[in-house]
Amino acid sequence: MVSTAQIKPVTTLTAFASSDEFDPKLQSFLHEACSQLCKWLGDASNRGPLPLGISFPNRVAPNQHGLSADELLGQLRLIMEGSYQPSHPGALAHLDPPPLTACIASELICAGLNNNLLAEELSPSLSRLERDLCRWFANCLGLPSTSSGVAASGGSLSNLMALVVARYQAGLNSDPKAVVIASADAHISFVKAIRVMGLMDDALVMVPTDANGIILLDELDNIFNELNKKGRKCIAVVATAGTTTRGAIDPLQDLSAYCSGKGVWLHVDAAIGGVFALSEATSSLVSGISKADSVTLNPQKVLGIPKTSSLLLVAQSIHLKQAFSTGLPYMEPAWGEAHGGEMGLQGSRAAEVLKLWLGLMQLGDEGISELLERAIKRRCYLEEKLDSLKFNIVSGPLHLISFSPKGIDRNEASKWSASTRKSLLENNIMLSRPFYQDRYYLKVVLGNPHTTTAHLDKLTELLGQSLVE
Ligand SMILES: Cc1ncc(COP(=O)(O)O)c(C=O)c1O
């Protein structure tokens with residue numbers, strides 16, 4: 001047993017900051033850590049998107065004695081050396097743009113504050129910020145004044161929560177035969193959601209898409225009616241605003257009319273496309289989103305908000321509470337609408353809204369529009385440069401494009417995509433390799449603000465060479 005006499009106050013620098021006075025050692029430690037980070041960011045173009053090897057500390061278990069500040073900084077350097085570098089202009093593979101500078105600072109502050117969005121008393125100003133920011137987003141999307149939302153760690157969790165809310169409202173909580181209908185191009189997080197919700201393996205019903213990757217409404221109607229005849233009730237229809245491989249947007253107006261006619265919940269997975277509603281120049285791309293019952297929105301994917309940053313917005317605030325509120329018997333009552341921990345699945349969670357809010361404040365309306373428009377312009381530029389006679393190109397109105405050579409079979413497409421990805425990486429350009437429909441494609445995500453037309457010219461040149469090799 002530890003006697004109280006043995007407990008000494010922690011006075012060393014690195015464990016806890018002094019609660020009595022300004023701590024200059026902490027300041028210089030943070031200063032050094034920030035310098036290291038700035039060097040890593042500033043050196044991005046001299047390296048590649050991927051590190052040459054995975055540098056990793058040789059032990060993960062703590063030593064008997066804690067490490068000094070310098071040793072800790074050394075450990076951080078090792079991790080940084082082995083990290084993916086989203087700030088490299090050739091980092092074009094995924095929906096992971098470089099972080100906004102204001103967000104880097106807010107993440108540091110967030111860790112220092114160590115507030116908890118579980119309950120208001122653990123995050124007085126930040127709980128309010130989350131509520132207000134969700135309402136602001138809902139307003140930008142044109143959702144009704146009754147709407148609200150909650151932050152979640154990622155789009156997958158936002159989608160899962162949306163379906164849980166929809167099922168509750170449909171009164172289908174105890175119906176394992178209930179289904180969710182989505183397009184064949186919907187994100188795989190719905191497969192997970194179905195499993196977690198204890199639904200049957202075939203509960204995610206995929207509607208075919210047209211040549212543009214958009215859900216076929218007639219097929220949706222046929223499938224819906226067939227399921228109905230079999231007694232399979234529908235929890236929700238999912239529309240995607242920005243599909244993962246090509247950025248296609250389902251017809252949101254038509255789908256909302258269809259769903260309200262059938263009395264079915266419409267969830268819009270706008271993880272990728274939702275933020276395009278924030279700019280006047282691009283908002284028409286997602287028109288109709290205002291009629292959704294729930295929306296997933298992931299500012300981490302395009303706007304440069306560090307991960308994770310995802311919101312679930314609902315048209316009726318009460319729906320979140322009905323699905324998730326349990327009472328928090330170990331907390332004081334909420335001052336606002338409800339505790340953060342009663343608006344979603346997560347309990348304790350970090351104040352992800354801080355970086356989201358500060359990032360938006362840093363960009364301003366002009367900066368947001370510029371980021372979104374430039375991302376689309378880069379996609380248009382690349383699409384024009386790619387030889388459509390030689391490549392089967394799939395894209396949509398956003399900043400994603402995928403392609404595979406024409407005139408080859410799926411095995412050859414597999415080999416081409418793997419070898420081309422490898423040779424592009426040798427030239428410090430990183431693309432991803434999604435399997436789409438019947439074959440592998442290469443995919444380019446054009447949200448990286450450091451990517452110039454010169455980089456895209458180089459990419460097209462290398463892609464051209466890949467066909468003659
Ligand atoms: C359309 C779409 N929805 C949801 C998700 C899941 O987001 P997350 O990886 O943040 O869970 C993705 C991820 O790429 C996506 O493309």
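We did not get these values from a lab; they are worked out from the coordinates using the rules stated. These numbers come from a predicted model, not from an experiment. Note: ideal-geometry Cβ built from the backbone for every residue, glycine included; neighbour counts use all protein chains shown.
Computed over the stretch 1-147, the P(r) curve from all C-alpha pair distances, binned at 5 Å from the origin, holds 2, 7, 10, 13, 15, 14, 14, 11, 7, 4, 2, 1, 0 percent per bin.
Can you tell me the dipole magnitude for the chain around its Cα centre, using point charges on the Cβ only (Lys, Arg +1; Asp, Glu -1), in Debye to the nearest 20?
Details: 40 positive and 46 negative charges, 185 e Å.
In total the dipole reaches around 880 debye.
Any idea what % of Cα-Cα pairs in the stretch 372-468 are farther than 21 Å? Here the long-distance tail beyond 21 Å is 25 percent of all Cα pairs in the stretch 372-468.
Residue-normalised convex hull volume from the C-alpha trace of the stretch 97-194: 169 Å³ per residue.
Rounded to two decimals, the Cα radius of gyration of the stretch 150-231 over 2.2 N^0.38 Å is 1.13. The alpha carbons of the stretch 135-181 stretch over 37, 23, 17 Å along the principal axes, in descending order. Ordering Trp136, Trp40, Trp335 from the fewest to the most neighbouring beta carbons within 10 Å gives Trp335, Trp136, Trp40. Considering helices alone, the calculated mean residue ellipticity of the chain at 222 nm is -13000 deg cm²/dmol, with DSSP H runs of length four and up weighted by -39500 (n - 2.57) and normalised per residue.
Provide the gained length on full extension for the span Arg374 to Asp20, in nm with one decimal, where the gain is 0.36 nm per separating residue minus the Cα-Cα distance.
Gain in length upon complete extension: 122.6 nm.
The alpha carbons of the stretch 134-291 occupy a box of 44, 34, 29 Å along the principal axes, longest dimension given first. Here the Kirkwood formula puts the hydrodynamic radius of the stretch 21-85 at 13.3 Å, using every distinct Cα pair. When the Cα positions of Leu172, Asn116, Gly42 are compared along the charge dipole of the chain, Leu172 comes out farthest toward the positive end, with charges on each C-beta of Lys, Arg, Asp and Glu.
Give me D for the stretch 299-452 in µm² s⁻¹, whole number, from Stokes-Einstein with Rh from the Kirkwood sum over alpha-carbon pairs, 37 °C and 0.692 mPa s. Using the Kirkwood radius from Cα pairs, D works out to 172 µm²/s.
With all pairs of different alpha carbon atoms counted, what Kirkwood hydrodynamic radius in Å does the chain show? Can you show the working numbers first?
Working: mean 1/r = 0.0413 Å⁻¹.
By the Kirkwood definition, the hydrodynamic radius is 24.2 Å.
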